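All remarks here apply to the structure that follows.
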Amino acid sequence: MILRIAALILAAGNIHAEFLRMEVSVTDMDCESCSVNLEGAFKRIRGVDKAEVDYKNRTVRLELAEKNRVGVEQVWDAVKRVGFTPGDTKVTVRGAVKGQKLEVPETGKTYTIEGQSTEGDSVELAGTITPPPDPRAAVVIRIAKR
């Protein structure tokens, strides 16, 4: 019994919640040299392993480091600081799903989810988030159909 409890504690310690990948649509990116500034802004964010700006498709793709604390709001703020407007953002995220909520403790946030998802402590979801017009509004992740 004690070994089983110890195994559960160790397993729980290995569970971490985080955004794994993001792809942000930047519809007003109309300056190729400005897109270089955007890529540089992301490379300075701790927890971003790889940042690729696709000027022609007007997207930014991010691969995030293991155990990062990068949140979608932080990414949108970086886009705004360079002078662009963030749009729909495709995400892959791991967190604890309870009902229609996804907890990502590493970012200190809980997100509402729309769509079917399995409940659990270390669930990986893929979906799309649209930046809300009011930054105080709840951020909703629309789960991609599987």
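The values are calculated or read from the model by the stated rules, or taken from the named source; none is laboratory data. In this text, all values refer to a predicted model and were calculated from it rather than measured experimentally. All Cβ positions, even for glycine, are placed from backbone atoms using ideal geometry, and neighbour counts span all protein chains on display.
Tabulated values for the structure
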quantity: Verdict on Val75 being on the phi < 0 side of the Ramachandran plot, in contact with a Phe, Trp or Tyr (Cβ under 7 Å, 6 or more places away or on another chain), aliphatic (A, V, I, L, M) and modelled with pLDDT of 95 or more; calculated: no
quantity: Restricting the range 114-129 to residues that are of a type in the set (S, T, N, Q) and surrounded by 14 or more Cβ atoms within 10 Å (Cβ to Cβ), the residue that is nearest to Val26 (Cα to Cα); calculated: Thr128
quantity: Matching residues, the range 44-96, being among the small types (Gly, Ala, Ser) and under 19 Å from Ile113 (Cα atoms); calculated: Gly71, Gly87, Gly95, Ala96
quantity: Filter result for Asp134 (exposed (fewer than 14 other Cβ atoms within 10 Å of the Cβ), over 24 Å from Glu39 (Cα atoms) and charged (D, E, K, R)); calculated: yes
